[in-house]
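Student: Handing you a structure now.
The values are calculated or read from the model by the stated rules, or taken from the named source; none is laboratory data. Worth saying up front: this structure is predicted, and the values here are computed from it rather than measured. Note that we place each Cβ from the backbone using ideal geometry, even for glycine, and neighbour counts take in every protein chain shown. Just the protein is used for accessible areas: all its heavy atoms, side chains included, with ligands, DNA and RNA removed. Shrake-Rupley method; radii C 1.70, N 1.55, O 1.52, S 1.80 Å.
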Amino acid sequence: MAVSTAVDCKRSIEIEISLEQVQRARQEVTETIRAKARLPGFRPGKASLDIIRARFPEEIRREVLDKLIGPAFRVRVEKDGLKVVGTPDISDLKFEPDQPIRFTAAFEVAPEFEIGPYRSLSVQYEEPRVADQEIDERLEAMRESKAEYVNVDPRPIEDGDYVMVSLKSVAGLAEPLVQETVQLHIGDKDSLPEFAQNLVGAELGETKEFDVAYPADYGQENLAGRTVRFAITPKVIRRKDLPALDDEFARDLGDYQNLDELKTAVHKAIFAEKQFAAQQKAKETLLDQLVDANAFPVPEVYVDRQIENQVRNRLRDLQAKGVDPKSIQLDWEKVKESQKDQAARSVKVALLLEKIAERESIYATKDEVDREIAILARREREALPVVRARLEKEGFIPRLSEHIRTEKAVQFLFDQAEKHA
């Protein structure tokens, strides 16, 4: 029976299993059941085949189908040269006495396509530049991270002071907010103005009670959009001392001999960050061009699998943030509909990059895989042999190798592109 093509990657074939095969399988299954059956009046394995057929018709039918349908389907698609993805949907099954088995199998196949030109694609990109101001700002952030806070003699609070206070809400919150020791930077640009307005001029130990109106987009959900009345008692005024930006500061930070070496390292770090971001943007543009230039269908099973992976990764991220994935009620049909287009693009990208990697003989080397495993071991602070053994047991090494290959294919695409400002 000829293969009939439905839409996209869907296929449907009708398969017939000869009566001879059916009878042979029925005989084998019946004999297997007889050897195991425990029937009153018969020793194990001694009941007649006719009795076994009469007593276990459904078991025999089910096991014959299990024995024959899968192999018959595989033989047929191999003969037709079809690369099946996913599990076939079996329908129109006909299994009558003294008749061949007939059924219809609906399934999807991997797309066959010829990739269009992918070398010398045009993309906007230029090597980033690092301004002196950016270096200065990074160094200042480093100084801030090494700042020391020194207590000053008691006096009225001034604008710009760092003040240790005890704080509690007295109205505006269902659950009172109490903090015995918290530091406030009076007049800081990121601080709400009510704190400076009410605390400047206050004496240590003097409790001040006042309202603070939080904007609707405030970062803490329990405070956003609320007006909260606080009782605040200043305890200590502190001065922030920043270290001098000199050779000694550079040496304290790490393996730097002087400030110039630190500035060079900071320049390299900022350049690497900006270069990575710029290249990622250009690579995404190139992948968009690649997808737009190569129209071919993708199997729904690939898209569903991609959506499942995206959802699984999202749930893993939420779990890492303390959210119980079981508490999230997912409407799978809505999830599929909302993510279908993005998932289909991701599948297309993967198939196109696989084709490029094959064309260009791009593969992950053993050294590259070993290097990634070593990075993972350092990140997880585990012994390298332990991490490697775990990844091998989980079957992760082939996936890691494929990820490296994909990244190299993307880099190849970028390296070959014609770049313009």
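Student: Show the residue pairs that are 6+ apart or on different chains and have beta-carbon atoms under 6 Å apart, the first residue being within the range 122-148 and more than 18 Å from L262 (Cα to Cα), the second being polar (S, T, N, Q) and surrounded by 13 or more Cβ atoms within 10 Å (Cβ to Cβ).
Tutor: Going by the 6 Å Cβ cut-off, the qualifying pairs are V123/T285; P128/Q275.
Student: If I filter the range 323-341 for residues that are under 18 Å from V85 (Cβ atoms) and at pLDDT below 95, do I get at least one hit?
Tutor: Filtering the range 323-341 for residues under 18 Å from V85 (Cβ atoms) gives 336, 340.
Filter once more, so that each one left must be at pLDDT below 95: 336, 340.
Yes: the range 323-341 contains one or more residues that are under 18 Å from V85 (Cβ atoms) and at pLDDT below 95.
Student: As an exercise: evaluate Q197 against (1) in a helix (DSSP H, G or I); (2) open to solvent by less than 70 Å² (accessible area, probe 1.4 Å) and give the number of the one condition it does not meet.
Tutor: Of everything listed in (1) in a helix (DSSP H, G or I); (2) open to solvent by less than 70 Å² (accessible area, probe 1.4 Å), Q197 misses just condition (2).
Student: Could you list all residues from the range 247-262 that are in contact (Cβ under 8 Å) with a residue 12 or more places away in the chain and in contact with a helix residue (DSSP H, G or I) (Cβ under 6 Å, 6 or more places away or on another chain)?
Tutor: Step one: of the range 247-262, the residues in contact (Cβ under 8 Å) with a residue 12 or more places away in the chain are 247, 249-250, 252-253, 259, 262.
Of everything in the range 247-262, those that are in contact (Cβ under 8 Å) with a residue 12 or more places away in the chain and in contact with a helix residue (DSSP H, G or I) (Cβ under 6 Å, 6 or more places away or on another chain) turn out to be D247, A250, L259, L262.
Student: Hey, another quick one. Just need a number here: residues in the range 57-83 that are assigned to a helix (DSSP H, G or I) and open to solvent by 90 Å² or more (accessible area, probe 1.4 Å). Talk me through it step by step, then tell me what you get.
Tutor: Start the filter on the range 57-83 by keeping residues that are assigned to a helix (DSSP H, G or I), which leaves 57-80.
From what is left, the residues that are open to solvent by 90 Å² or more (accessible area, probe 1.4 Å) are 58, 62, 66-67, 74-75, 78-79.
Of the residues in the range 57-83, 8 are assigned to a helix (DSSP H, G or I) and open to solvent by 90 Å² or more (accessible area, probe 1.4 Å).
Student: Another one. If I go through the range 112-130 residue by residue, how many of them are open to solvent by 50 Å² or more (accessible area, probe 1.4 Å) and not basic (K, R)? Give the steps one after another, and end with the answer.
Tutor: Keep residues of the range 112-130 that are open to solvent by 50 Å² or more (accessible area, probe 1.4 Å), which gives 112, 114, 117, 119-120, 122, 124, 126-127, 129.
Subsequent filtering for residues that are not basic (K, R) retains 112, 114, 117, 120, 122, 124, 126-127.
Matching residues across the range 112-130 total 8.
Student: Separate question: Here is a check on your reading of the model: is A37 among the small types (G, A, S) and either open to solvent by 90 Å² or more (accessible area, probe 1.4 Å) or in contact with a Phe, Trp or Tyr (Cβ under 8 Å, 6 or more places away or on another chain) (or both)? So that I can check it myself, show each step before the final result.
Tutor: Working: among the small types (G, A, S): yes; either open to solvent by 90 Å² or more (accessible area, probe 1.4 Å) or in contact with a Phe, Trp or Tyr (Cβ under 8 Å, 6 or more places away or on another chain) (or both): yes.
So A37 fits the description; yes.
Student: Could I ask something else about it? Do we find a residue being within 42 Å of the chain's Cα centre (by Cα) and surrounded by 12 or more Cβ atoms within 10 Å (Cβ to Cβ) anywhere in the range 148-157? Outline the logic, then answer.
Tutor: Restricting attention to the range 148-157, the residues satisfying the condition of being within 42 Å of the chain's Cα centre (by Cα) are 148-149.
Narrowing the set further to residues that are surrounded by 12 or more Cβ atoms within 10 Å (Cβ to Cβ) leaves 149.
Yes, that holds for at least one residue.
Student: Going through G86, G116 one at a time, which residue ends up being in a loop (DSSP other than H, G, I, E, B) and either closer than 30 Å to E360 by Cα or in contact with a Gly (Cβ under 7 Å, 6 or more places away or on another chain) (or both)?
Tutor: Working: G86 fails: in a loop (DSSP other than H, G, I, E, B).
Of G86, G116, the one residue that is in a loop (DSSP other than H, G, I, E, B) and either closer than 30 Å to E360 by Cα or in contact with a Gly (Cβ under 7 Å, 6 or more places away or on another chain) (or both) is G116.
Student: Among (1) out of contact with any helix residue (DSSP H, G or I) (no Cβ under 9 Å at 6 or more places or on another chain); (2) outside any strand (DSSP E or B); (3) of a type in the set (S, T, N, Q), where does T181 come up short?
Tutor: Exception for T181: condition (2).
Student: Out of everything in the range 185-217 that is of a type in the set (A, V, I, L, M) and without any contact (Cβ under 8 Å) to a residue 24 or more places away in the chain, what residue ends up being nearest to A231 (Cα to Cα)? So that I can check it myself, show each step before the final result.
Tutor: We begin by selecting, within the range 185-217, every residue of a type in the set (A, V, I, L, M); these are 186, 192, 196, 199-200, 202, 204, 212-213, 216.
Adding the requirement that they be without any contact (Cβ under 8 Å) to a residue 24 or more places away in the chain leaves 192, 212-213, 216.
Numbers: L192: 16, V212: 11, A213: 14, A216: 22 Å.
Filtering the range 185-217 for residues that are of a type in the set (A, V, I, L, M) and without any contact (Cβ under 8 Å) to a residue 24 or more places away in the chain, the one nearest to A231 (Cα to Cα) comes out as V212.
Student: Please determine, by comparing only the residues of the range 277-304 that are polar (S, T, N, Q) and open to solvent by 50 Å² or more (accessible area, probe 1.4 Å), which one is nearest to the chain's Cα centre (by Cα). Outline the logic, then answer.
Tutor: Residues of the range 277-304 polar (S, T, N, Q): 279-280, 285, 289, 294.
Restricting the remaining residues to those that are open to solvent by 50 Å² or more (accessible area, probe 1.4 Å) gives 280, 285, 289.
Values: Q280: 17, T285: 21, Q289: 24 Å.
For the range 277-304, the residue satisfying everything is Q280.
Student: Taking the residues in the range 96-111 that are out of contact with any Cys (no Cβ under 7 Å at 6 or more places or on another chain), touching a residue at least 40 places away in the same chain (Cβ under 8 Å) and in a loop (DSSP other than H, G, I, E, B) as candidates, determine which candidate is surrounded by the fewest Cβ atoms within 10 Å (Cβ to Cβ).
Tutor: Step one: of the range 96-111, the residues out of contact with any Cys (no Cβ under 7 Å at 6 or more places or on another chain) are 96-107, 110.
This time we only want the ones that are touching a residue at least 40 places away in the same chain (Cβ under 8 Å), so: 98-107, 110.
With the extra rule that they be in a loop (DSSP other than H, G, I, E, B), the set shrinks to 98-100, 110.
On the way: D98: 7, Q99: 11, P100: 16, A110: 14.
That would be D98.
So that you can scan it fast, the table gives a plain yes or no per residue for (1) of a type in the set (K, R); (2) closer than 29 Å to R345 by Cα; (3) at pLDDT below 95; (4) assigned to a loop (DSSP other than H, G, I, E, B):
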{"residue": "A265", "(1), (2), (3), (4)": "no, no, no, no"}
{"residue": "A269", "(1), (2), (3), (4)": "no, no, no, no"}
{"residue": "K283", "(1), (2), (3), (4)": "yes, yes, no, no"}
{"residue": "L286", "(1), (2), (3), (4)": "no, yes, no, no"}
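Student: Identify, by number, the condition in (1) in a loop (DSSP other than H, G, I, E, B); (2) surrounded by 12 or more Cβ atoms within 10 Å (Cβ to Cβ); (3) not acidic (D, E) that A174 doesn't meet.
Tutor: Looking at each condition in turn, A174 falls short on (2).
Student: Could you please tell me which pairs satisfy a Cβ distance under 7 Å, a separation of 6+ or placement on different chains, a first residue in the range 305-327 that is under 21 Å from S338 (Cα atoms), and a second residue that is among the basic types (K, R) and in a helix (DSSP H, G or I)?
Tutor: Correct list of pairs: I307/K336.
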